[in-house]
Amino acid sequence: MSRHLTATLTEGPVAAQLRALAVPMVWGLLATMSFNVVDTFYVAQLGNQPLAAMTFTFPVVLVITSLGIGLGAGTSSAISRAIGEGDSATARRLATDAISLTLLISGSMCVLGWLTIEPMFRFLGATPDLIPLIRDYMAIWYISAPCLLVPMVCLSALRALGLSRIQGYLMSAAAIFNAALDPILIFGLLGFPALELQGAALATLITRILTLLVAFYILAFRVKLITYPVVGWTALKASWKTIFHVGLPAMVTNVIVPLASAVITMMVASYGADAVAGLGVAMRLEPLMLIVFYALSGVVGPFFGQNLGAGQYHRMGEALRVLTLFCLGFGLLIALFLWLFGSHLAGLFSEHKEVLRVAGFYLAVVPFSYGAYGIVMSVNAAFNGLGKPLPAVILSAGRVGYVFLPLAFLGQWLWGLEGIFIATALANLSMGAWAWFWLHRQVLDVRADSSGSELSY
């Protein structure tokens, strides 16, 4: 008989548990960010055309990655709630069926993408001379897509168990291995042929295959979360529906986030190339400053899911209090640091006066809203963990659509370019307050409804 899966997040100090879960994720996310940076650095050594070809692939890669993030969110939410309820059999069924669903979706995307490389990238604006280079890269990259998405879902299942440390180690090891393999295959070192752009894609494929094997081994044989894969259609459909309930909205939410950056860039473009370059410098630094919030949002969902399933409603309220204090406090520290040193950091990327002025203003104003943005990220993850994905979609869409855009047009009319950045900060602050009150009310509703009836919005 399979051993019982223990809900490890329903007892003990809340703050200590969240910290222990998030710290390994910070290192793992830093490693993952370096993955793309290393690839771009080596490909840039090949010349402008290979670099341009790789740049054209970023939107497609982002969309497919968003599928994996959404499926992972749905998987983590469903499994954490089942574990909190003490239903090990359902947790195993969900994990197994999530992998089969991910294989089906990623395999379909692989075939579709592989067959439409040329028309897709012509549509995105790639010139005829870049199409062969893009084909060299994406023909291999698409094959690696299942090896990207399946490990993402496997690691999300491990997070649902409270095992984020394993994910941090595995992500870090994969990034180091890829960084070592890239120059060997791209430039032809150690007796290997120089495969150039194909070498970058092949290094990614090999790294992802190894990551998939390790992640599946841990899931199946170490924590024993995988069960017999063949099941009746009714049971399979029920599992997939449960995963999609959170997964599909999470995909939408994840795509909305870069949309905000695209809107800001389009508005700033009217002020010239230097203004765009300054914004670009600030946005290169921003993800590094927010990485702790990203890591925290990655573990909040399983925490809320397990405690909801176990009926430990008071711990959800305590978690909201801890998250609020941390996000606001840490966000203020980041803001003060960038207010003092943001211009110096921007100087590492450019020496042009106007570029530094734009980047410096952005880094002096917008970071004072990072704490509120961190609350939005954590609240979105908490709602997903509770099996309530709609608030996360509304909050993310609202931040771009009916909050930021009106403020941005007003700010631009009043103060020009600087007004757009002020609007960004105000949008983050207002959405942070709205998100906090929404989740606070949800937690109060859950605690009041001890009979376990369906949660109200």
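As a summary of the residue check, Lys237 satisfies the conditions (1) in the same structural domain as Ile131 (by TED's automatic domain parsing); (2) surrounded by fewer than 23 Cβ atoms within 10 Å (Cβ to Cβ); (3) modelled with pLDDT of 90 or more; (4) within 24 Å of Asp97 (Cα to Cα) except for the one numbered (1). The listed residues are Thr265, Thr207, Thr242, Thr211, and the only one of them that is modelled with pLDDT under 90 and either buried (at least 18 other Cβ atoms within 10 Å of the Cβ) or under 30 Å from Phe409 (Cβ atoms) (or both) turns out to be Thr265. The single condition among (1) farther than 29 Å from Arg165 by Cβ; (2) surrounded by fewer than 16 Cβ atoms within 10 Å (Cβ to Cβ); (3) not hydrophobic (A, V, I, L, M, F, W, C) that Tyr228 does not meet is (1). Each residue in the range 175-198 was checked for being small (Gly, Ala, Ser) and either modelled with pLDDT of 90 or more or surrounded by fewer than 16 Cβ atoms within 10 Å (Cβ to Cβ) (or both), and 4 pass. Taking into account only those residues within the range 396-407 that are in contact with a Ser or Thr (Cβ under 8 Å, 6 or more places away or on another chain) and buried (at least 23 other Cβ atoms within 10 Å of the Cβ), which is farthest from Gly305 (Cα to Cα)? Only one residue fits best here, namely Phe404.
Take the residues of the range 46-73 that are farther than 27 Å from Val252 by Cα and either acidic (Asp, Glu) or in contact (Cβ under 8 Å) with a residue 12 or more places away in the chain (or both): which is surrounded by the fewest Cβ atoms within 10 Å (Cβ to Cβ)? Write out each step before concluding.
First, pick out the residues of the range 46-73 that are farther than 27 Å from Val252 by Cα: 46-52.
Next cut, either acidic (Asp, Glu) or in contact (Cβ under 8 Å) with a residue 12 or more places away in the chain (or both) only: 46, 49-50, 52.
Working: Leu46: 19, Gln49: 14, Pro50: 22, Ala52: 16.
Only one residue tops the list, namely Gln49.
Checking the structure you have, find out if any residue of the range 94-102 is in contact with an Asp or Glu (Cβ under 8 Å, 6 or more places away or on another chain), among the charged types (D, E, K, R) and at pLDDT 75 or above. Checking the range 94-102: not a single residue is in contact with an Asp or Glu (Cβ under 8 Å, 6 or more places away or on another chain), among the charged types (D, E, K, R) and at pLDDT 75 or above. If the condition is being among the β-branched types (Val, Ile, Thr) and not in a helix (DSSP H, G or I), then the range 318-352 contributes no residue at all. Quick one: is Gly162 of a type outside the set (A, V, I, L, M), buried (at least 21 other Cβ atoms within 10 Å of the Cβ) and either in contact with a His (Cβ under 8 Å, 6 or more places away or on another chain) or more than 20 Å from Ser34 (Cα to Cα) (or both)? Spelling it out, Gly162 is indeed of a type outside the set (A, V, I, L, M), buried (at least 21 other Cβ atoms within 10 Å of the Cβ) and either in contact with a His (Cβ under 8 Å, 6 or more places away or on another chain) or more than 20 Å from Ser34 (Cα to Cα) (or both). Looking at Thr55, Thr75, just one residue is modelled with pLDDT of 85 or more, within 22 Å of the chain's Cα centre (by Cα), within 26 Å of Thr204 (Cα to Cα) and polar (S, T, N, Q), and that residue is Thr75.
The values are calculated or read from the model by the stated rules, or taken from the named source; none is laboratory data. Small disclaimer: the values here were computed from a predicted structure and weren't measured. Cβ sites come from the backbone with ideal geometry, for glycine too, and all protein chains shown count toward neighbours.
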